[in-house]
1. Calculate, for residue 104 and residue 66, the FRET efficiency according to 1/(1 + (r/R0)^6) with r their C-beta to C-beta distance and R0 30 Å; round to the nearest 0.05.
2. Each label point is 7 Å from the Cα along the Cα-to-Cβ direction; what then is the distance between the points at residue 151 and residue 78, in nm?
3. By the scheme Lys and Arg +1, Asp and Glu -1, what is the net charge of all other residues having a beta-carbon under 12 Å from that of residue 155?
4. Using θ = phi - 60° and the Karplus curve 6.51 cos²θ - 1.76 cosθ + 1.60, what whole-Hz ³J(HN,Hα) does each residue of the range 86-99 get, with Gly and Pro shown as x?
5. Report, by chain and number, residues whose modeled amide H sits under 5 Å from the one on residue 75, excluding near sequence neighbours (fewer than 5 apart, same chain).
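Here, each number is a calculation from the coordinates, and none is a lab measurement. Note that the coordinates shown come from a computational prediction; the quantities given were computed from them, not determined experimentally. Methodologically, a virtual Cβ is constructed for each residue, glycine included, from the backbone with ideal geometry; neighbour enumeration extends over all protein chains shown.
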Amino acid sequence: MPTHMKCRRKTLPVLALLALLATAGCMTDSGKNDPLPVKSQSRAEYEVRALIDLLADELGSEVDTETVNKNFRECRGKQGDEANDGRFDLGYSAAVPHPRAEYNSGLKKLRKKLEAKGYKVTDYREGDWRHILLYAKGGDANYFVSVGASKPPYDEMTVYVTTPCFLPPGVDQEQVSAPQPRPQRDTAPAVPAAPAVTAAPPAAPVRTPAVPAPARQPDSGQHPTLVRHFG
């Protein structure tokens with residue numbers, strides 16, 4: 001099974017870059033150390049070119065050999081993991097002459113052909129030359145195929161094929177280590193304590209002024225006379 005891999009890329013045609021973005025490069029959904037399929041570079045190139053020739057024949061045309069662009073690339077892991085066992089993948093693009101007026105009908109033919117070969121079409125769009133698009137993945141070797149249109153004034157359709165990550169024959173697969181985890185703090189950072197609240201000093205007692213006793217009046221020596229009346 002292919003492994004979680006992405007590729008070190010050189011400059012590629014715009015369609016090729018879009019195809020890589022659509023498929024996340026040559027990554028798949030399996031683990032990074034799952035066994036890789038074994039294939040030589042020459043065999044991979046032969047199979048990819050045979051597939052493109054088959055699609056060109058379906059359009060009643062042939063590959064324009066002057067437009068061929070192929071790149072063998074070193075596979076790398078999602079986290080930038082590298083291996084030294086020679087693993088590789090291949091990106092191969094070529095233009096196939098085809099009248100612009102027949103782009104949509106040609107796209108239908110290619111879709112039908114790829115589905116017959118066991119490919120699953122993941123995206124498909126018809127329209128003028130700016131909009132046509134076909135993405136498919138699968139087949140016997142799990143290749144990814146994209147088809148688009150060359151820019152005017154060329155009456156050509158561009159076919160781009162990406163292989164999964166392959167291990168050369170006779171090579172032991174290297175086990176890729178997981179990236180080192182980030183260092184963790186030994187203890188949680190100290191949380192500063194809230195400032196202590198200082199109790200206010202006790203209030204001084206309030207002195208209530210004494211109420212003076214009423215002053216005694218001096219005795220005048222005069223006392224009321226008891227008057228007795230006699231009849």
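1. Details: r = 26 Å, r/R0 = 0.86.
So, using R0 = 30 Å, E works out to roughly 0.70.
2. Between residue 151 and residue 78, the label points sit 3.5 nm apart.
3. Numbers: positive: 100, 151; negative: 64, 102, 156.
Within the 12 Å Cβ shell, the charges total -1.
4. For the range 86-99, the Karplus curve yields x, 4, 8, 9, 10, x, 9, 10, 7, 9, 10, x, 6, x Hz.
5. Here 88, 89 satisfy the definition.
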